[in-house]
Every structure is written in C-alpha cells, then in structure tokens.
1. Using beta carbons and a limit of 7 Å, which pairs, at least six apart or on different chains, have the first residue in the stretch 133-153 and touching a residue at least 12 places away in the same chain (Cβ under 8 Å) and assigned to a loop (DSSP other than H, G, I, E, B) and the second one polar (S, T, N, Q) and open to solvent by 10 Å² or more (accessible area, probe 1.4 Å)?
2. Go through the residues of the stretch 67-79 one by one and say whether even a single one is polar (S, T, N, Q), assigned to a helix (DSSP H, G or I) and modelled with pLDDT of 95 or more.
3. Being among the hydrophobic types (A, V, I, L, M, F, W, C) and part of a loop (DSSP other than H, G, I, E, B) is the filter; apply it to the stretch 190-236 and report the residue that is surrounded by the fewest Cβ atoms within 10 Å (Cβ to Cβ).
4. If HIS137 meets every condition in (1) closer than 21 Å to HIS53 by Cα; (2) surrounded by 18 or more Cβ atoms within 10 Å (Cβ to Cβ) apart from one, which number is that one?
5. Kindly evaluate LYS172 against the criterion of being over 16 Å from the mean Cα position of the chain (by Cα), open to solvent by 60 Å² or more (accessible area, probe 1.4 Å) and touching a residue at least 60 places away in the same chain (Cβ under 8 Å).
6. Whether any residue in the stretch 90-111 is surrounded by 12 or more Cβ atoms within 10 Å (Cβ to Cβ), within 25 Å of GLN50 (Cα to Cα) and out of contact with any His (no Cβ under 9 Å at 6 or more places or on another chain) is what I want to check.
7. When only residues in the stretch 34-76 that are open to solvent by 40 Å² or more (accessible area, probe 1.4 Å) and in contact with a Phe, Trp or Tyr (Cβ under 7 Å, 6 or more places away or on another chain) count, which is farthest from ARG203 (Cα to Cα)?
8. I'd like the full set of residues that are out of contact with any Ser or Thr (no Cβ under 9 Å at 6 or more places or on another chain), closer than 18 Å to ALA226 by Cβ and in a helix (DSSP H, G or I), limited to the stretch 167-186.
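The values are calculated or read from the model by the stated rules, or taken from the named source; none is laboratory data. If you're wondering where the values come from, they're calculated on a predicted model, not measured in any experiment. In this analysis, Cβ positions are derived from the backbone assuming ideal geometry, glycine residues included, and neighbour counts consider all displayed protein chains. The area values use the complete protein model at the heavy-atom level, side chains included, leaving out ligands, DNA and RNA. Shrake-Rupley method; radii C 1.70, N 1.55, O 1.52, S 1.80 Å.
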Amino acid sequence: MKKIDFTSLILLETEDYIIVNKPPYFATLEDRHEAQNMLAIGKEYWEDLQVCHRLDKETSGCLVFAKNPEAYRHIALQFENRTVEKVYHAVAEGIHDFDGVLVDRNLTASNKGIARIAAQGKPAQTLFKTLKTYFSHSLIACKPITGRLHQIRVHLAYLGAPICGDTLYGGKALYLSQLKRKFNLKKDTEERPIMQRVSLHARSISFQNLAGETITAEAPYPKDFAVLIKQLEKTS
C-alpha cells in the first residue's frame, strides 16, 4: 500500500487537536493485516498523538486526534456524555423519506465482529434524515447518538434501507450497468462495483475545545464516494 502523507489529510489543527479526513481501507489502530494505521502515521507527525475514537477500516471521513493528555481527557468525557456531534453520509438502497427518524434498538456484537439487534444488548440510538433521493437510492444523513459497533449499518438495515455495498447487513454492490443505459462492458472483462466498500462516510464532527469553544470540521467525499454520487445524480 502506498505510504500515506498525514499532513495531506489534515482538515483542522489547533494547539490541542487534529482532525483528519481518513481515507478508506486504513485501520484507525494497529491492524496485524496492515503495515500502516492512522495512529502510527499520526505519531510520525506528532509524537504524543492519541486517537479519540474509531472509524471502521472501510469508512472514510472525520477522525479526531488529541495532541496532549488533557485534550484527550476533555474530549473523552464528551464522548462519554454523548455531546460530540457526528454526522455520517450513507448511500442506501431504495427511496426513503426519513425526516428525523429515530431508531432506538439495542445492539449486541458477536466475537466475530457482527452486530445485531437484541433486547438484551446495549442501548443504541441513531437519527436519520434523507438528503436526496435518486431513481432507486437515497443519500441519508445519519447522526449516531451512541457509538456501538456497526450501529448505523444495522439500524439502516432495520429500516429496510441497507447501505450499498454492505453485504454483511443485506446491502448489495452497485454497478454502473444498473444506472447507465446502453452500458457496454469491454469484452472479456468483469464489471466491478462503482464502490468496492460500504458506502459510508463520516461527513462532519463537532465538539468543545478546552476553552469551551465549538470545533467543527467537515470532510469532503473521497474519490470513490464522489464518483458514486455523481453517477446517482444522473438518475435523479
């Protein structure tokens, strides 16, 4: 994998925090299957850096680091008190008109890292709002109130709106041939999905710095997500 330039990912840097736009396919913490991870790359830039939360390996977008222990404790308390505001964008299958729909369903996770809804699970709440609909898909803003494993993915599947490419929770890969009329694939080639991962992006994050001021950052879509939206726009 190509060596990543941490400075090119920085969306916002203060004396206490760094917010980056994490690329897809990079683990947040050490991963025995990968040579690089976001924390290790970040520590090359700032030795005392601590990661404040996690994003799934496939998920792109806003990731916060603290530059000192006091800053880390400060934001950790905000995560614990659920005052950090995170918004994700997801491309879901089907046309959905969610206007502040709250899913409040407990989640439990297996030792294989698969989450499911279960009455005896841990509390999990997510708010959903449709941003735009296309011919047969929807762009949805997802605001997790809690932070459980695969929470957004499972809650959207529960609503009958699985995320494109999320085969683990009922989503299907989306191909250009499904969107484009008169699509011709080159001979002896196999068509690949427009996005080869779960169509989920951590769009923005907002929290308080040590002075009590609000810090907000918004992460532009990575190339694959932007291409998917561009193709869907042609069907709307």
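1. TYR134/THR235; TYR134/SER236; PHE135/THR235; PHE135/SER236; ILE145/GLN125; THR146/GLN125
2. Filtering the stretch 67-79 for residues polar (S, T, N, Q) gives 68, 78.
If we keep only those that are assigned to a helix (DSSP H, G or I) too, we end up with 78.
Adding the requirement that they be modelled with pLDDT of 95 or more leaves 78.
Yes; the residues of the stretch 67-79 include at least one that is polar (S, T, N, Q), assigned to a helix (DSSP H, G or I) and modelled with pLDDT of 95 or more.
3. If we filter the stretch 190-236 for residues that are among the hydrophobic types (A, V, I, L, M, F, W, C), which is where we start, we get 194-195, 198, 200, 202, 205, 207, 210-211, 215, 217, 219, 225-229, 232.
Next cut, part of a loop (DSSP other than H, G, I, E, B) only: 194-195, 198, 210-211, 219.
Details: ILE194: 24, MET195: 22, VAL198: 25, LEU210: 15, ALA211: 8, ALA219: 21.
Here the answer is ALA211.
4. So the condition that HIS137 fails would be (1).
5. Working: over 16 Å from the mean Cα position of the chain (by Cα): yes; open to solvent by 60 Å² or more (accessible area, probe 1.4 Å): yes; touching a residue at least 60 places away in the same chain (Cβ under 8 Å): yes.
Against the criterion (over 16 Å from the mean Cα position of the chain (by Cα), open to solvent by 60 Å² or more (accessible area, probe 1.4 Å) and touching a residue at least 60 places away in the same chain (Cβ under 8 Å)), LYS172 qualifies.
6. No, the stretch 90-111 contains no residue that is surrounded by 12 or more Cβ atoms within 10 Å (Cβ to Cβ), within 25 Å of GLN50 (Cα to Cα) and out of contact with any His (no Cβ under 9 Å at 6 or more places or on another chain).
7. So, considering only residues that are open to solvent by 40 Å² or more (accessible area, probe 1.4 Å) and in contact with a Phe, Trp or Tyr (Cβ under 7 Å, 6 or more places away or on another chain), the one farthest from ARG203 (Cα to Cα) is GLU44.
8. LEU176
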